[in-house]
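Everything on this sheet refers to the single structure shown next.
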Amino acid sequence: MPNLKTVVSRSPGANAVRRFVTAASLLLAFAQSVTPASAEDPSALFREALRQDLMGGPTGARLAFDMYRRAAEAGLPEAQFNVAIMLDSGRGVSPDMAQAATWYARAASHGIRRAAYNLGQLYEAGQGVPQNVDLARAWFKASGLPAARAHLTAIRSGGAKAATLSAPILIAPTYGELIGSSANSVELVWTARQQPEGVRFFVELLALVPSGSSEIYSGFVDISSLNVALSSHKGAFAWRVLAVARRGGRYAASDWSYMRTAAN
């Protein structure tokens, strides 16, 4: 493995009801807006999933989840959001709040505002993710939705805090994961515990080449997911995230994680 450069310091129940109620308008709105597509197209999978979903019943919900999941894995943001909703609610699949949070984060990285809002609720309540009011605030702000204002006003306490900065936890892609050979971007997802002071996240993504490494992206964000263009890069990649104190430059870095594009 080539050497990598070193970085330069630089109430749950009610919330859940609101998450599921707000999902319905997105489902129907996208169903009306998509254009015709071939049977193998993620948009076509999504439309068929909607048809099964709206028919109701456990069988329809299970079929819908399977098709949403396939479209989501192909990178369709609306499908990613619907996968999150179903994992969140336990409809058509066993509930899994951690997976729901990951899919919300992936959808939110594409600008799905409801996903950002719902993820803020999960961080506020500590459901499926560590309770982290700083990330809750960041996701509510990122959503830009009027409903988020009440949450931003209500959040008071930072909750339990570690004595020192803790490193972010990388969630997706998983270590060694294969991503599609045709993928032109990647959704990076991480989480973090409540920090003892304000932090921003510094994200690095490198392409690994025979001569060492080539930087694809580096920059600061306040939230916990990012969609990064891969451009023409293929092969192996490495990424990590640092929690960097807003004052003083202290930081805690995750380990590097690796992924690779699948062979054509």
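The values are calculated or read from the model by the stated rules, or taken from the named source; none is laboratory data. No experiment lies behind these values; they were computed from the predicted model shown. Using ideal geometry, Cβ is built from the backbone for each residue, glycine included, and neighbour counts are taken over all protein chains shown. Ligands, DNA and RNA are stripped out before the accessible areas are found, and what is left, the full protein with its side chains, is counted by its heavy atoms. Shrake-Rupley method; radii C 1.70, N 1.55, O 1.52, S 1.80 Å.
Under 5 Å between amide hydrogens, built in the peptide plane, is the criterion, and for Gly219 it picks out Val203 among residues at least 5 positions away or on other chains.
Suppose R0 equals 25 Å. What FRET efficiency, 1/(1 + (r/R0)^6) with r the Cβ-Cβ distance, do Ala163 and Ser218 give to the nearest 0.05?
On the way: r = 28 Å, r/R0 = 1.14.
Approximately 0.30, to the nearest 0.05.
Taking a quarter of the surface of the Cα convex hull of the range 78-182, what do you get in nm²?
Details: hull surface 32.8 nm².
Computed as one quarter of the Cα hull surface, the answer is 8.2 nm².
Between Ser231 and Thr153, the modelled labels are 4.6 nm apart [label points 7 Å from Cα along Cα→Cβ].
With r defined as the distance between the Cβ atoms of Ser94 and Ser211 and R0 fixed at 45 Å, what FRET efficiency is calculated, to the nearest 0.05? Intermediate values should be presented prior to the final figure.
Values: r = 47 Å, r/R0 = 1.03.
Given R0 = 45 Å and the Cβ-Cβ separation, E is 0.45.
Binning all Cα-Cα separations of the range 177-264 at 5 Å, short to long from zero, yields these whole-percent fractions: 3, 13, 25, 22, 16, 10, 7, 3, 1, 0.
Rounded to the nearest 10 square angstrom, Ser231 shows an accessible area of 90 square angstrom against a 1.4 Å probe. Based on every Cα atom in the range 224-264, Rg and the maximum pairwise Cα distance Dmax equal 14.0, 46 Å. Rounded to the nearest 0.05, the FRET efficiency derived from the C-beta distance between Tyr175 and Arg246 at R0 = 41 Å is 0.90. Normalised size of the range 189-228, defined as Cα radius of gyration per 2.2 N^0.38 Å with N residues, equals 1.45. Measuring between their Cα centroids, the range 57-116 and the range 197-216 lie 28 Å from each other. Dimensions of the range 141-228 based on its C-alpha atoms, expressed as ranges along the principal axes with the largest first, amount to 50, 34, 20 Å. Projecting label points 7 angstrom from Cα along Cα→Cβ for Lys141 and Ala262 puts them 3.8 nm apart. Computed over the range 105-264, the range of Cα coordinates on each principal axis works out to 50, 33, 23 Å, biggest value leading.
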